[in-house]
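Step one of this worksheet: look at the structure below.
The numbers here are math on the coordinates, done by the rules we state, and not lab data. Since the model is a prediction, treat every value here as computed from it, not as a measurement. Here Cβ is always computed from backbone atoms with ideal geometry, including for glycine, and neighbour counts include all displayed protein chains.
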Protein chains: 2
Amino acid sequence: MTNRLSAQMAFLVEADRLKTVLRGTTLNDGSRRENSGEHSWHIALYAMVLAEHSTRPINIDRVIKMLLIHDLVEIDAGDNPIHGDHDPAEMETIEQAAADRLFGLLPTEQARDFRALWDEFEAAETDDAVFAKSIDRVQPVVANLESGGGTWPAYNVTQQQLETRVGVKVRRGAPALWDHLSGRIADWFKSNAI
Amino acid sequence: MTNRLSAQMAFLVEADRLKTVLRGTTLNDGSRRENSGEHSWHIALYAMVLAEHSTRPINIDRVIKMLLIHDLVEIDAGDNPIHGDHDPAEMETIEQAAADRLFGLLPTEQARDFRALWDEFEAAETDDAVFAKSIDRVQPVVANLESGGGTWPAYNVTQQQLETRVGVKVRRGAPALWDHLSGRIADWFKSNAI
């Protein structure tokens, strides 16, 4: 029991560092960059509120757990903004090593369960993972719209790139969310054309 | 559908402000004060990892949801550190009004469900709520221990006060967690006696 709890506490103490990983997007008020800890909270809440908009049958409790752990690897690997330039293969190697180390802090069978949930999220094949990915992708778009375009100008994002990199993934799990935002997105790009 | 989704999005946009509410404790590394958004993520993860240490039968999925929404009222009411001085009756009035406004942004039946879950957490009577409270109380203690005492000196907290205000509540739902930390707590107060 003591060894188990020590291992669990070591994991939770290490997890604290996710609060120092800064993302490509800002808070809705634009005051500062968002960190991956508070982002993880916000998208878990997004999933809880928006579950009914999944077009596939989902287990919302699994989706929430997936979203709570989905970014932990960034403690070692850092955040990689979707509109940034990084080598996907290299990133995957780094994130796999991060997952080995971080989930490996937990007691054996718990480490295996958490890792399986993270692998499922990454693979984006099951209904739960597809919806989780939709939620993870849509929240930064709302943050950018709320903060007057947010970090889109800094990354020179075009409306077409936003559709390809983000819209397609949001639509896969929850098309109603993308439809809901599409008018505001079109307006923003019309007003801010380069 | 559109009205429903607009209401849900308005709630999620408003929730973003929880990331700007600063708490009495710091990150584990002591670098800055923790905000209530990232705190809510961390304790949801704590609950997910430590569920087995509840002495009562719990539904961990309900506990996690409870913890994701438990601090939202702070958007209007602010954070009230457990070792700070505030009038509990006055605070309750303010938090009830905050709950009316914030959960009231959601579609009617969803507002009712979220409010019921928050009321249950606040009442701290059901097994799920008792465990959720234990988790909410234990995480700042770990943060204080990790950061060399954290904000205990600033609040002039004695070991006895920590036992009465925090230990009792952690023990109620998950005594193993308090037992696990008690040696480190005793050591800290021995080394830092006023």
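Ranking B:A44, A:F121, A:A186 by Cα position along the charge dipole of the protein assembly as shown, where only Lys, Arg, Asp and Glu carry charges on their C-beta atoms, puts A:A186 farthest toward the positive end.
The relative contact order of chain A, computed from alpha carbon pairs under 8 Å that lie at least 6 residues apart in sequence, is 26 percent. Selection among B:A98, B:L18, B:N156 by position relative to the dipole of chain B gives B:N156 as farthest towards the positive end (Cβ unit charges, Cα centre).
Taken over the protein assembly as shown, the percentage of Cα pairs per 10 Å bin, counting from 0 up to the bin with the maximum distance, is 5, 23, 34, 25, 11, 2, 0.
Counting only helical runs of four or more DSSP H residues, what would the 222 nm mean residue ellipticity of chain A come to if each run contributes -39,500 (n - 2.57) and the total is spread over all its residues?
-19500 deg cm²/dmol
Per the Debye formula with a single identical scatterer at each Cα and no solvent contribution, what log10 I(q)/I(0) holds for segment B:2-191 at q = 0.13, 0.19 Å⁻¹? Log10 I(q)/I(0), no solvent term: -0.70, -1.43.
Evaluating 6.51 cos²θ - 1.76 cosθ + 1.60 at θ = phi - 60° for every residue in segment B:23-28, the Karplus couplings come out as 9, x, 9, 9, 4, 4 Hz, glycine and proline recorded as x.
Here the extension length gained between A:R165 and A:A123 equals 13.5 nm, from 0.36 nm per residue of separation less the Cα-Cα distance.
Projecting 7 Å from Cα along the Cα-to-Cβ direction, the label point of B:D187 sits 5.8 nm from its equivalents in the other copies, listed shortest first.
Using Cβ point charges alone (K and R +1, D and E -1), the dipole size of segment B:2-191 about the Cα centre works out to roughly 400 debye. Karplus-based coupling profile of segment A:105-120, in residue order and whole Hz: 6, 6, x, 3, 6, 6, 4, 5, 5, 5, 5, 4, 5, 5, 4, 5, with θ = phi - 60° in 6.51 cos²θ - 1.76 cosθ + 1.60 and x standing for Gly or Pro. Inter-part distance, segment A:97-149 to segment B:69-133, computed on C-alpha centroids, equals 28 Å. Of B:L105, A:L68, the sequence from fewest to most neighbouring Cβ atoms within 10 angstrom is B:L105, A:L68. Converting phi to 3J(HN,Hα) with the Karplus coefficients 6.51, -1.76 and 1.60 and the offset θ = phi - 60°, segment A:33-41 yields 6, 7, 9, 6, x, 5, 4, 5, 5 Hz in sequence order, with x at every glycine or proline.
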